[in-house]
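Everything on this sheet refers to the single structure shown next.
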Amino acid sequence: MAMSVAHVERMTSLSSDIFYDILGRLDGSTLASAGCACADFCSISREERIWENVCHSLWPSTNREDVNNLISSIGGFRKFYADCFPLIVNKDVPIVQWDSDLEYCEEWAEAEYYGDIGEFDSVSPSDFVSIVDVRYNDKAIYSKVIWGIPCSDGFHGWFYNCPFRIDLLGYSERDDEHEANVTLSVADGLPPIMSIERERKDGKLWRELREGIRLSWIVVNRKMKQAANLASWSPLGGQRHWPTDKDFLIRFGSVLPAKDILPCQVVECIIVMKFRVIHTGTQTSLKLTELSMQLEDMGGAHVNGRNSLLVLKEALSCHRSKNYSKVLECCHLYSKAQSELKEEKMRNETRLDRLCILSGIAAFITFCYYVL
């Protein structure tokens, strides 16, 4: 009987090891689903070590010891994945309204702070950490971690009122001052091109880049112990040959809430990645030349540093979804509202111009009548 019990215990231990090994090979979404299958899977899927491996695989930046400590301090890897894998979904895009038929509602585009000034005292540039990872064809090509907001030491001065922007390639920390150039080549899966002229016609390199590139820009607030991914993972759009014929600009981002912060109530987080085509003999490669993030209001104006910190703070509690179609829908709603705003502004400016012309003509006729 004793041998039988020992045999069962060995089998149970063996099964547990096998289950652990199997679940440890899964991605986050599959692991979460497997945890609902049975009690053993549920128990194993809750272990922090498994989720740590999942995060390391998806976000190479989390392999750093300081980032590991940060994630542990805000709730652990399981919570970090649950917060940062789903993308921000914000459908609360307001309907464009106007004061009158001839007056453009300028307050929609203003970038001045009008919320509670006491709210700003609770947020600081040093509260935020940016964890950025770029992949191409599922291969990690670039990782960066920035503690705080660069160049914001005197944030009550110029940072307070100037346009907010984080430029990763323009900022170096002590541990990566000699960071190597980030390039993509045929060895990474890029199609070879003979010339820019040929690429301008068929766009093969551009299509492969857009389909293969992925970006994650996670922002963590250490004080609030919250995190969110501000990027759209896949590109939302882009521009070929801009500003030169050798540049490819790719845009990521999300729509963030700005209620009680800006009159437009929502802002767009714009993350720009730019590659330049480099020719070396018969070889062609792409060099990463820009990776930046900034916030813009409905009128297309850059949001200042003070308001941006408040927006980032609000974004950490924004609704999220694993359904990428919902993310795209939110971005399309925002773009549509922004286009309507611009079109209505142009129409009203045209009406005002016509009114000014008619008023001028009427004044001229009146002047001539009295003179003659």
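Structure values in brief
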read-out: Filtered residue count, the stretch 127-152, keeping only those that are more than 20 Å from residue 70 (Cβ to Cβ) and part of a loop (DSSP other than H, G, I, E, B); value: 3
read-out: Residues located in the stretch 193-215, provided they are in contact with a Lys or Arg (Cβ under 6 Å, 6 or more places away or on another chain) and under 23 Å from residue 87 (Cα atoms); value: 214
read-out: Filter result (surrounded by 14 or more Cβ atoms within 10 Å (Cβ to Cβ) and either of a type outside the set (Phe, Trp, Tyr) or modelled with pLDDT under 85 (or both)) within the stretch 204-215; value: 204, 205, 208, 209, 210, 212, 213, 214, 215
read-out: Only listed residue being in the same structural domain as residue 274 (by TED's automatic domain parsing) and on the phi > 0 side of the Ramachandran plot, chosen from 212, 203; value: 203
read-out: Flag for residue 286 being crowded, with 21+ Cβ neighbours inside 10 Å, more than 19 Å from the chain's Cα centre (by Cα) and part of a loop (DSSP other than H, G, I, E, B); value: no
read-out: Residue check, residue 92 surrounded by fewer than 17 Cβ atoms within 10 Å (Cβ to Cβ), in the same structural domain as residue 236 (by TED's automatic domain parsing) and modelled with pLDDT of 70 or more; value: yes
read-out: Yes/no for residue 277 being closer than 22 Å to residue 192 by Cβ, in the same structural domain as residue 190 (by TED's automatic domain parsing) and touching a residue at least 60 places away in the same chain (Cβ under 8 Å); value: yes
read-out: Test for residue 190: is it within 29 Å of residue 323 (Cα to Cα) and either modelled with pLDDT of 95 or more or among the small types (Gly, Ala, Ser) (or both); value: no
read-out: Residues of the stretch 69-81 that turn out to be assigned to a helix (DSSP H, G or I) and either touching a His at 6+ places or on another chain (Cβ under 9 Å) or surrounded by fewer than 16 Cβ atoms within 10 Å (Cβ to Cβ) (or both), as a count; value: 4
read-out: Subset tally (residues that are surrounded by fewer than 21 Cβ atoms within 10 Å (Cβ to Cβ), part of a loop (DSSP other than H, G, I, E, B) and more than 15 Å from the chain's Cα centre (by Cα)) for the stretch 296-316; value: 3
read-out: The stretch 156-187, subset small (Gly, Ala, Ser), in a loop (DSSP other than H, G, I, E, B) and modelled with pLDDT under 80, residue nearest to residue 145 (Cα to Cα); value: 172
read-out: Wholly enclosed strands (runs of 3 or more DSSP E) of the stretch 209-267 bearing at least 3 residues farther than 19 Å from residue 130 by Cα; value: 237-240, 247-257
read-out: Residue list for the stretch 316-342, restricted to those being farther than 29 Å from residue 129 by Cβ and of a type in the set (D, E, K, R); value: 329, 336, 340, 342
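The values are calculated or read from the model by the stated rules, or taken from the named source; none is laboratory data. None of the values given here were measured: they were computed from a predicted structure. Using ideal geometry, Cβ is built from the backbone for each residue, glycine included, and neighbour counts are taken over all protein chains shown.
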